[in-house]
Amino acid sequence: MSPEAGVQKSTGGPPPGMGGPPPGMGGPVPSSPSFAKRLDTLENKTVYLVDIGFGGGYEFMLQLQKWFAEHMPSVTTIPKRKPGMVFTDDDNDLWEEIKEKGHAVVLGVAG
């Protein structure tokens, strides 16, 4: 008897009935996200430093702001705290502000 005898080979997907939405509940496949293009430079740009609410996150963003002030003084940094709970948003005001006034964002956690 070979070592492979009795071993089922994977077909590459989850076993039948495991994973994915319940039968008949599948919607359209979401399109891939569209990310912003990478900036050539941060010089003379505005960077939002967004704490999402984990312990120590805001303090880390303030340290990052200090680093930018010392090493890249032409970069304007704006520390913000994300509204709502860690994993949810209360509204879209912060994200709209960043789209309107910012060039980049550092979205971070600490802990």
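Read the figures in this text as sums done on the coordinates, not as results from a lab. If you're wondering where the values come from, they're calculated on a predicted model, not measured in any experiment. Cβ atoms come from the backbone with ideal geometry, glycine included; neighbour counts cover every protein chain shown.
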Could you tell me the extents of region 28-111's C-alpha atoms along the three principal axes, largest first, rounded to whole Å? 47, 31, 21
Magnitude of the Cβ-charge dipole (Lys and Arg +1, Asp and Glu -1) of region 46-108 about the Cα centre, nearest 20 debye, reported as 240 debye
Step through the residues of region 46-60 one at a time and calculate ³J(HN,Hα) from phi using the Karplus curve (6.51 cos²θ - 1.76 cosθ + 1.60, θ = phi - 60°), rounding each to whole Hz and writing x for Gly and Pro. 10, 10, 7, 10, 9, 8, 8, x, 6, x, x, x, 5, 4, 4
Any lysines with Cα under 27 Å of the K80 Cα? List them, leaving off those in the same chain fewer than 8 positions away. K37, K45, K66, K99, K101
Could the peptides 47-53, 35-41, 73-79, 84-90 be put in order, highest first, of the mean number of other beta-carbon atoms found within 10 Å of their residues? 47-53, 73-79, 84-90, 35-41
With the contact rule set at Cα under 8 Å and sequence spacing of 6 or more, what percent relative contact order holds for region 46-108? 51 percent
